[in-house]
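Trainee: Sharing a structure, written as structure tokens. Questions coming.
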């Protein structure tokens, strides 16, 4: 049985365990129909030209983990941003771990999607927001919607800000030979609210894991959301991340994606600007080796006038790794005075590494400022000579230059401890002792 | 200390150095002057080991050792320092961290442990005061957004930190106002000793009022066409380079 058939069969089993009379289940059933029709995307589709899911589909993934698996905090502490206090929503093999989590209902809701989808007190919010910005067409998103049951639920009411950042961490323990998990996150920042989220997926063994995640983020008027994705998983873990963001007037949403690991990673990041004077920022640092594959697909839809979007993705590709950047910007006819900037710079440090980069601009307004730039290059020889002439060996000099190349993406990281962590990850990833703590 | 014998070098297919002979002893200051395009900066880069230039003939010998196969960092470890005309910007790496890396790499090459942090701090403080560098400046990204003067002062700061045997200052005076020039020159003079040597590459005589050379060489079309004492620099300032070019042709 191929994976698609298995999923269809599993849906019936899934229905035995959820309330099928709940209105949310109509949404699931609708989504399942779409997935049944469309199936997994193939390389024939333009959006999947450079990323193939064929090999993943041949793996016999378990759809439901058999039992809950416990983890000791001390064994996984390093994956948390333990230098600071945070709220934590932790899942082990797709199942919520209350032991590792720290949730709250104190003025804000930082808790579980399974509660939000079932308890009457959340019904109103779910009716308004659930599956409202996520695509009802894109097959992997609909696959997630069909099986949506668990994930993080964050609701920040008007004028509120949680006392500390929120970490959403998914561990997989290798309890199953191969596991498919489909987290579903819903994040709402009401008017004037502010929120910082760090999301991480971490496999703890070399058993295959595939995560097909959907996150919906709603930023109301004047809200500020910083979202950080740390993708540094093992070489048998694949991730398809579908993030949909709905922004209203004068809201500011920044998504940083740090891709340093994993087998196959696909980031579908979609911004919809439903208001004026909105600021949307997407930044990424990608550093790959081995046969790793990362595909960044961004979309910014400028629907109303006077908004801005900023994209800055830096990639360093070594060994046999492959990178894809596809940045789509749509500016509607009424979205005058739009400022949309897009930058994608890449360095190839191996003859066998590949990058496919493609800006895609669809501009229907005439009074806009849009710019895009893609570069693929090697390191600057003059800069290399400068560092070497100071006694820094070529290998370390190269690493220092790559670090400098990626660095400006980090400037906008607003959690200093996270910034330090990422700096260290970059240094480690580049494989050198730089002689100082970055 | 440094012996350059009949040095020829080219970049791509263009011959730039066409037979340079130069001997620099410890304790000496040499000035190399010459019109634009005469090969001054190339000479500096070739001594420092820039791979882009191909040495086709002759040799660069430091303390009896031919540098032909030495990488730029190895030359640095042996005590060669080049102050760049256009220092490169390295965003995200502070001046302090950069110096730590450079110093510890040099120590590693000599089989020494990392310099202890307190010693490093003391050294940084001492040298930055000498060059009248603000402490805040040291935590800024290397050369990023520095003014021309700041870049040059930072180059001399690096020289002070690394204490080279042979320092080559490539157009260190360009882009400096008179105050900055004085600070930079004072720094170089304080670093001068009987054990080390300085080669000052400059277009103008101005810097040589502050860093007084023992010898002045005029480079023209890839060759040293005239050498003399410090008075030669004054003569050049007065008469320009044309008379030397004419002399060279004769």
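Trainee: Direction-averaged shadow area of the convex hull around the Cα atoms of the range A:3-274, nm²?
Mentor: Convex hull of Cα atoms, orientation-averaged projection: 13.6 nm².
Trainee: So what's the gap between the Cα centers of the range B:10-37 and the range B:134-150, to the nearest angstrom?
Mentor: Their Cα centres are 30 Å away from one another.
Trainee: May I ask for the angle, rounded to the nearest 10°, between helix B:95-109 and the longest principal axis of chain B, with both axes built from Cα atoms and the value confined to 0 to 90°?
Mentor: Tilt of helix B:95-109: around 80 degrees.
Trainee: Rounded to the nearest 5, what is the percent of antiparallel bridges among the DSSP beta bridges in chain A?
Mentor: 5 percent
Trainee: Next question. Among A:200, B:107, which comes first, second and so on when ranked by fewest other beta-carbon atoms within 10 Å? The partial results should precede the final answer.
Mentor: Numbers: A:200 20, B:107 16.
Fewest to most other Cβ atoms nearby, the residues stand as B:107, A:200.
Trainee: Sorted by mean Cβ packing within 10 Å, highest first, what order do the peptides A:60-68, B:185-193 take?
Mentor: Listed from highest to lowest mean packing, they are B:185-193, A:60-68.
Trainee: To the nearest Å, what is the center-to-center distance of the range A:72-129 and the range A:281-307, using C-alpha atoms only?
Mentor: What the calculation gives is 26 Å, centre to centre.
Trainee: Right, here's the next one. For the Cα atoms of chain B, what angle does the longest principal axis make with the long axis of helix B:117-130, in degrees from 0 to 90, nearest 10?
Mentor: 50 degrees
Trainee: Hey, could you pull the Cα Rg and Dmax for the protein assembly as shown, both in Å?
Mentor: Using the Cα atoms of the protein assembly as shown, the pair Rg, Dmax is 30.9, 104 Å.
Trainee: What is the helix-to-structure angle for B:178-191, meaning the angle in degrees between its Cα long axis and the longest Cα principal axis of chain B, kept from 0 to 90 and rounded to the nearest 10?
Mentor: 80 degrees
Trainee: The range B:104-250: D in µm²/s via Stokes-Einstein (Kirkwood Rh, Cα pairs, 4 °C, 1.567 mPa s)? Before the final figure, lay out the partial values.
Mentor: On the way: Rh = 17.3 Å.
For the chosen part, D equals 75 µm²/s.
Trainee: Calculate the length of the line joining the C-alpha centroid of the range B:50-98 to that of the range A:209-260, in whole Å.
Mentor: One Cα centre to the other: 45 Å.
Trainee: Highest mean first, what order results for A:114-121, A:145-152 on Cβ atoms within 10 Å?
Mentor: By packing density, highest mean first, the sequence is A:145-152, A:114-121.
Trainee: While we're on this one: Can I get the semi-axes of the range A:379-438's equivalent ellipsoid? Compute them from the C-alpha gyration tensor as square roots of 5 times the eigenvalues, in angstrom, largest first.
Mentor: 23, 12, 8
Trainee: Given the DSSP H assignment, sum -39500 (n - 2.57) over each helix run of at least 4 residues in the protein assembly as shown and divide by its residue total; what's the result at 222 nm in deg cm²/dmol, nearest 500?
Mentor: One gets -8000 deg cm²/dmol as the mean residue ellipticity at 222 nm.
Trainee: Let me ask something additional. For A:313, A:155, A:73, what's the fewest-to-most ordering of other Cβ within 10 Å of each Cβ?
Mentor: A:73, A:155, A:313
Trainee: Taking only Cα atoms and a 10 Å spring cutoff, compute GNM fluctuations for chain A and point out the largest among A:331, A:76, A:294.
Mentor: A:76
Trainee: Next question, about the same structure. Mind sorting B:13, A:19 by how few other Cβ atoms lie within 10 Å of their own Cβ, fewest first?
Mentor: B:13, A:19
Read-outs: derived from the displayed coordinates by stated rules, not from any lab. Source: prediction; values computed, not measured. Cβ coordinates were reconstructed from backbone atoms using ideal geometry, including for glycine residues, and neighbour counts include every protein chain displayed.
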